[in-house]
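Step one of this worksheet: look at the structure below.
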Amino acid sequence: MSTHPPDCFHTIVIGAGLAGHCMIHFLLEAGIPPEQLVLVAEERKYAPASGVPFGLMHPCPGRSLKPKPGVLDAYAFSSSWLRKMQGASSDALLLELPMVRPFIKAHPSGARLQKSFVSLPAPFWAEKLHPSEVATRWPCFAPSDGAAMMGPAFCVSLPMLLEYLASQAYQKGVSHYSDDVHVLKQQQETWEVVTGRGTLSTRHVVLAVGAGLGDWFPALPLQQSEGELLVGEADILPALQEMVSFSGHISPTPDGRYCIGSTYIQPPETSTGSVLAVWEQLRSKLSSFWPHFPELTNPVVWGGTRCLVRHQFMPIAGPHPELSGLYVLGALASKGLLWTPSLASQLTATICQQEETLPSSVLLSRFSHDACIFRSNRNK
């Protein structure tokens, strides 16, 4: 391996969240020499969503139990990839558990979930539970018309996963820059990445910048949404062996605690960071399906900022329609674990083999020309 960086790198990935680390991971798997790759970790002005202590992933997130187009394909890929990462790591990166979504009688979401229930094709599964079975297995729940139980579902320690991916890339020789990017300038067939410490040249640059995507594409219909959750111990007997999602969620974690979430804060509101304030909001959510949820012991609050496409809630992945060598992976909202591994793998194929396998529903080119205008100097 060369000890000197090349004059022009193959790919520079900007963003050190899950999207950025997954891009480096799959570029290495595609055979790109590590000395031709750079991961630029910027100083975040937004608390990154990838910093969440535990992320949940299940086949039917949202208000409906009918999967959206493309979700199950992405989910199957991500499930397989997460198991592969757990098999390679000596740390407890994840728990694989069933997901329960109760049909609570006194809440309009209960009827909506019940009506949208569908069977899921293998390797997924979903079954509808009778009200008496729900009452027997979870007597703590509010009265219900049954529940959907489905799987597989995962609770993932994201900090541990990111640390594992970062250590693997570092050991293989990938360069890691902790610096802000001020300017991205196209120069014929290359790109200049201007940082506070100097300028790097690359053939391909991937923007995986999380909530900062709008800094580069100010006309895209993006929205930022803050969210908070709590992690702590709870006296639940017998110990919960499933995740539960209704209005709010609760999940056992790989380290034996419980993860409870989440709040949704829209600007100009901001997170207070107060355990008591967050717990008050989350307890209100939990009470809709678990009226007497026990107190948390040693609770820790986390807050971060998500980025999403307004009204669509579909991520953005793929090449810029006009600027050759510029790629985007972002707007993953609260479904980063579900979408990121699959999209990063397909985007890698686009970069390395010029194979366009990304679904049209996620491409940057689905937006108008004006929406895709790129601001090369985000400091202006």
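The values are calculated or read from the model by the stated rules, or taken from the named source; none is laboratory data. These numbers come from a predicted model, not from an experiment. Quick reminder, even Gly has a Cβ in these numbers, built from the backbone with ideal geometry, and neighbours come from all protein chains shown. Each accessible area value is taken on the protein alone, full model and side chains, heavy atoms only, with ligands, DNA and RNA left out. Shrake-Rupley method; radii C 1.70, N 1.55, O 1.52, S 1.80 Å.
Nearest 0.05, what FRET efficiency do Gln354 and Asp255 give at R0 = 51 Å with Cβ-Cβ as r? Write down the numbers at each step before the final one.
On the way: r = 43 Å, r/R0 = 0.84.
About 0.75, to the nearest 0.05.
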Study note, to complete from the structure: Amide H contacts under 5 Å for Val209, restricted to residues at least 5 apart in sequence or on another chain and with H modeled in the peptide plane, are Leu329
Review point. Which aspartates and glutamates, on any chain, are close to Lys84 with Cα under 15 Å apart, when same-chain ones fewer than 8 places away are left out?
Key: Glu29, Glu96
Check your understanding: What ³J(HN,Hα) values, in whole Hz, does the Karplus curve 6.51 cos²θ - 1.76 cosθ + 1.60 give for the range 50-66 when θ = phi - 60°, with x put for Gly and Pro?
Key -> 5, x, 4, x, 9, x, 9, 9, 8, x, 10, x, x, 8, 10, 9, 9
Practice item. Would you pull out the residues with amide H under 5 Å of Ala30's amide H, same chain only if 5 or more places away, H placed 1.01 Å from N? Key: none
Point to revise | GNM flexibility winner over the chain from Asp215, Asp91, Asp370 (Cα, springs under 10 Å) | key: Asp370
Review point. Where does the chain land at 222 nm, in deg cm²/dmol rounded to the nearest 500, when only DSSP H runs of n ≥ 4 count, each adding -39500 (n - 2.57), divided by all residues?
Key: -7500 deg cm²/dmol
Check your understanding: So for the pair Val183, Arg203, with labels modelled 7 Å out along Cα→Cβ, what separation do we get in nm?
Key -> 2.5 nm
**Study point:** Proximal lysines relative to Lys45, as straight alpha-carbon distance under 17 Å, when same-chain residues fewer than 8 apart are discounted
**Key:** Lys380
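Which of rounded, prolate, oblate describes the range 23-113, given a ≥ b ≥ c as roots of the alpha-carbon gyration tensor eigenvalues and a/c under 1.5 marking rounded, otherwise prolate only if a/b is larger than b/c? Could you put the intermediate results ahead of the total?
Values: a/c = 2.29, a/b = 1.94, b/c = 1.18.
Prolate.
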Point to revise | Eligible lysines near Lys128 by straight Cα distance, threshold 27 Å, same-chain separation 8 or greater | key: Lys66, Lys68, Lys105, Lys115, Lys285, Lys335
Check your understanding: How far, in nm, would the chain grow between Asn298 and Glu322 when pulled straight, counting 0.36 nm per residue and subtracting the alpha carbon separation?
Key -> 3.5 nm
Point to revise | Cα-centre dipole for the chain with unit charges at Cβ (Lys and Arg positive, Asp and Glu negative), debye to 20 | key: 940 debye
**Study point:** In degrees, nearest ten, helix 336-353 long axis to first principal axis of the chain (Cα)
**Key:** 30 degrees
Exercise for review: Could you pull out every residue, at least 5 positions away or on a different chain, whose amide H is within less than 5 Å of the one on Ser144? Hs are placed 1.01 Å off N in the peptide plane, and Pro or chain starts have none.
Suggested key: Lys105
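Calculate the dipole size of the range 171-266 relative to its Cα centre from +1 charges on Lys and Arg beta carbons and -1 charges on Asp and Glu beta carbons; express the result in debye to the nearest 20.
420 debye
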**Study point:** Cβ-based net charge around Glu280, under 13 Å, with every Lys or Arg adding one and every Asp or Glu removing one
**Key:** 0
Point to revise | J(HN,Hα) series, the range 205-220, from Karplus relation 6.51 cos²θ - 1.76 cosθ + 1.60, nearest Hz, glycine and proline x | key: 10, 10, 8, 10, 9, x, 5, x, 4, x, 5, 9, 10, x, 9, 5
Exercise for review: Report the relative contact order of the range 303-380, percent, no decimals, based on alpha-carbon pairs under 8 angstrom and at least 6 residues apart.
Suggested key: 29 percent
Review point. Points 7 angstrom from Cα along the Cβ direction at Ala135 and Glu163: gap in nanometres?
Key: 4.6 nm
Exercise for review: With θ set to phi - 60°, apply the Karplus curve 6.51 cos²θ - 1.76 cosθ + 1.60 along the range 284-293 and write out the HN-Hα couplings as whole Hz, x wherever there is a Gly or Pro.
Suggested key: 4, 5, 5, 4, 5, 10, 9, x, 10, 5
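Checking the a/c ratio against 1.5 first, then a/b against b/c, what shape does the Cα gyration tensor give for the chain? Mind showing how you got there, number by number?
Values: a/c = 1.88, a/b = 1.86, b/c = 1.01.
It comes out prolate by the Cα gyration axes.
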**Study point:** Computed magnitude of the charge dipole of the range 242-380 (debye, nearest 20; Cβ of K, R +1, Cβ of D, E -1)
**Key:** 300 debye
Practice item. May I ask you to compute the full-extension gain from Val275 to Asp91, defined as 0.36 nm times their residue separation minus their alpha-carbon distance, rounded to one decimal in nm? Key: 63.4 nm
Review point. Taking only C-alpha pairs under 8 Å that are 6+ residues apart, what is the relative contact order of the chain in percent?
Key: 23 percent
Practice item. Could you look at the chain and say what percent of its accessible area is carbon and sulfur, using a 1.4 Å probe and all protein chains? Key: 52 percent
Point to revise | Area accessible to solvent at Leu363, 1.4 Å probe radius, in Å² | key: 30 Å²
Review point. Taking the Cβ-Cβ separation of Trp125 and Ile236 as r and a Förster radius of 25 Å, what is the calculated FRET efficiency to the nearest 0.05?
Key: 0.50
Review point. Can you give the accessible area of Tyr164 in Å² (nearest 10), computed on protein heavy atoms with a 1.4 Å probe?
Key: 40 Å²
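Given a Förster distance of 25 Å, report the FRET efficiency between Lys45 and Gln312 from their Cβ-Cβ distance, rounded to the nearest 0.05. Please list the in-between numbers first.
Details: r = 25 Å, r/R0 = 0.98.
Working from the Cβ atoms, E equals 0.50.
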Practice item. Obtain the nm distance between the two label points defined at Ala111 and Arg63 by a simple spin-label model: each point lies 7 Å from its Cα along the Cα-to-C-beta direction. Key: 1.4 nm
